[in-house]
Amino acid sequence: MIRVLRSGKTSALVVWFVVLWCMLWADLSVANVISGAAIAVVAIALASRLGAPPGLDRAVISPVGLVVFVAHVLWSLIKSNLFLAWEIVTPTNTIATGTVDVPLRSSSPAIAMAVSNVVTLTPGTVTVGIDDETSVLTIGVLHLGDPADVRRDVQRTERLAIKAFGTRAARASLGQEAP
C-alpha cells in the first residue's frame, strides 16, 4: 500500500479527493481534511489492489484538455445566459422549440453523461433522452434554428470532453476524423 501512495500522480489524486470531500461538506476544517485524506488513501489503495479488468481502456485525464473543456462550458453558459436574458428583455418572441437527435462518436457512458449534463446546464437546451445502444442524445432546444448547428455544438462539446478525459481509443478515433 505504501508503494502505491508514493507516486506523484497518486499524491495529486489524494489532494483532489480531499478538495472534493471538503467541497462536498462545504467546510474546510481539519476534521474534513483528515477524513477526506483517509478515505482517499483507502479508496486508492483498494482500487489499485483490485486493478482494472483485462482489456479495459482506461480514461486518461489531460490537464490542458480539461482546462479547455471547462473554458468551453463556461463560455457556453455565459453566451446562452446572455441570449436568454436578451429574449426576456426584448418584446419580440423568437422561441421556436424542437428536438434534435445527436449521434455521439464515443460509446463511453462517462462522455455521454458529461455531454448531456453540459447540454442540460446550458439555458435553452435540455437533454431529453440518451439511447445507450446507439449513443444518441435527444436534445430539447428552446431556440431551434438549424438542427445541424445544434449537432455541431454538441459534438464539439463531446470532442472537448474526449480530449479532456476520454480513453486512449476514443482519442485515437478523434485523430482519424476529417477536420
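FYI, it's all coordinate maths here, none of it is from the lab. Note that this is a predicted model, so its numbers are computed, not measured. As a convention, Cβ positions derive from the backbone with ideal geometry for all residues, glycine included, and neighbour counts pool all protein chains shown.
Some notes on this structure:
- For Val136, nonlocal amide neighbours, meaning residues 5 or more places apart or on other chains whose placed amide H falls under 5 Å from its own, are Leu104, Asp131.
- In order along segment 12-21, the Karplus-derived 3J(HN,Hα) couplings, from 6.51 cos²θ - 1.76 cosθ + 1.60 at θ = phi - 60°, round to 5, 5, 4, 4, 4, 4, 5, 4, 4, 4 Hz, and Gly and Pro are given as x.
- 222 nm mean residue ellipticity, helices alone, for the chain (DSSP H n ≥ 4; -39,500 (n - 2.57); rounded to 500): -20500 deg cm²/dmol
- As a proxy for reagent exposure, ranking Ile162, Ile61 by other Cβ atoms within 10 Å from fewest up yields Ile61, Ile162.
- Taking segment 63-175 and dividing mean pair separation by its residue count, relative contact order in percent (alpha carbons under 8 Å, at least six apart): 35 percent
- Given (1) 16.9; (2) 18.8; (3) 16.0, the label whose value is Kirkwood radius over Cα pairs in Å derived from this model: (2)
- Just checking the listed ones, Ala43, Ala112, Ala148: in the Gaussian network model of the chain with Cα springs under 10 Å, the one fluctuating most is Ala43.
- The dipole here belongs to the chain: it is taken about the Cα centre, uses +1 on the Cβ of Lys and Arg and -1 on the Cβ of Asp and Glu, and is about 940 debye.
- Just checking the listed ones, Phe165, Phe69, Phe17: in the Gaussian network model of the chain with Cα springs under 10 Å, the one fluctuating most is Phe17.
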